Amino acid sequence: MTDIVIHGVPGSPFLRAVQMGLEEKQVPHRVKALAPGEMKSEAYLTKHPFGRVPLFEHGDLTLYETQAILRYIDDDFPEPPFEPNDHRLAARMNQIIGINDWYFFPKVAAVIVFQRIVGPVLLGTATDQAAIDAAMPMARVCIAELDRLLGTQPFLAGDSLSIADLMLAPQLDFFAETPEGESLLAETRLKHWLVRMNERPSMRATLRPEALRRAA
Ligand SMILES: N[C@@H](CCC(=O)N[C@@H](CS)C(=O)NCC(=O)O)C(=O)O
């Protein structure tokens, strides 16, 4: 089997989503941790011109964008499938991936998780409360909407694990470490879904580094 390598920064929720996908499929792989600044190096930018993680390599295929990577993994390693057969549930999965990529990550997690945890712990920066306050309206909408879409289903897009769960679980698990995340998730069905997700071997095998697991 061709070697699979994922380049990333340990703790990144997008990296973790890909790691989880491979763990769920029981596909051997290795993570190449990037050194600080390496994401913006000339060599890295030739493979990922946007300078982000993860970057996925499988033989001569180089791929970035987490949902594209997870869809590729699902096609190349079919069992267990990550996409619902029912086209309505597949549409729901795609919608939730969109919520993550357009609203939750850039407007909520990238602000609040950064201000509360990543900045202070990794970069030694102070928390900007005004930035957190400005992100809260979108945070409320995202959590309420994800909770509504989950409804009483076991997984975000129905009865089985899908790419929506793989992408959202690492994001919400990190967000739940912040006081804002903890309080918004309290009393939601999403919180119970997160507990169930955290019990999966794929989540347990891909824990964030210790420093990023401390409550802010
Ligand atoms: N749309 C990208 C987003 C990836 C992303 O934003 N990753 C973050 C880490 S969680 C990153 O690389 N941040 C570095 C930066 O913004 O310079 C994907 O799905 O892979």
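The values are calculated or read from the model by the stated rules, or taken from the named source; none is laboratory data. This one's a predicted model, so the numbers in the text were calculated from it and none came from an experiment. Glycine also receives a Cβ, built like all others from the backbone with ideal geometry; neighbour counts cover every protein chain displayed.
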* Matching residues, region 35-53, being within 11 Å of the ligand (Cβ to nearest atom), touching a Gly at 6+ places or on another chain (Cβ under 9 Å) and more than 13 Å from Glu65 (Cβ to Cβ) -> Met39, Lys40, Tyr44
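Would you check which residues across region 1-60 are among the hydrophobic types (A, V, I, L, M, F, W, C), closer than 30 Å to Ser160 by Cα and touching a Pro at 6+ places or on another chain (Cβ under 6 Å) and list them? Write out each step before concluding.
The first filter runs over region 1-60 and keeps only residues among the hydrophobic types (A, V, I, L, M, F, W, C), leaving 1, 4-6, 9, 14-15, 17-18, 20, 22, 27, 31, 33-35, 39, 43, 45, 50, 53, 55-56.
This time we only want the ones that are closer than 30 Å to Ser160 by Cα, so: 1, 4-6, 9, 14-15, 17-18, 20, 22, 27, 31, 53, 55-56.
Across region 1-60, the qualifying residues are Ile6, Phe14, Leu15, Ala17, Val18.
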* Structure fact -> Within region 190-209, the residues that are part of a helix (DSSP H, G or I) and not polar (S, T, N, Q) are Leu190, Lys191, His192, Trp193, Leu194, Val195, Arg196, Met197, Pro201, Met203, Arg204
* Among the residues of region 86-126 satisfying the criterion of being touching a Ser or Thr at 6+ places or on another chain (Cβ under 8 Å) and under 22 Å from Pro36 (Cβ atoms), which is nearest to the ligand (Cβ to nearest atom)? -> Val113
* Asked: Quick check: anything in region 12-34 among the acidic types (Asp, Glu), away from the ligand (no atom under 15 Å from the Cβ) and surrounded by 13 or more Cβ atoms within 10 Å (Cβ to Cβ)?
  -> yes
* To do: Test Asp147 against the criterion of being surrounded by 15 or more Cβ atoms within 10 Å (Cβ to Cβ) and among the charged types (D, E, K, R), and give yes or no.
  => yes
* Structure fact -> Selection from region 171-189 of residues over 15 Å from the mean Cα position of the chain (by Cα) and either assigned to a loop (DSSP other than H, G, I, E, B) or surrounded by fewer than 23 Cβ atoms within 10 Å (Cβ to Cβ) (or both) yields Thr178, Pro179, Glu182, Ser183, Leu185, Ala186, Glu187, Thr188, Arg189
* To do: May I ask you to list pairs of residues, at least six apart or on different chains, whose Cβ atoms are under 8 Å apart, with the first in region 60-71 being hydrophobic (A, V, I, L, M, F, W, C) and the second being near the ligand (Cβ under 9 Å from one of its atoms)?
  => Leu63/Leu55; Leu63/Ile69; Ile69/Val18; Ile69/Pro54; Leu70/Ala17; Leu70/Val18; Leu70/Met167
* Structure fact -> From the option list Thr125, Thr152, single residue qualifying as in contact with a Gly (Cβ under 7 Å, 6 or more places away or on another chain), in a loop (DSSP other than H, G, I, E, B) and at pLDDT 95 or above is Thr125
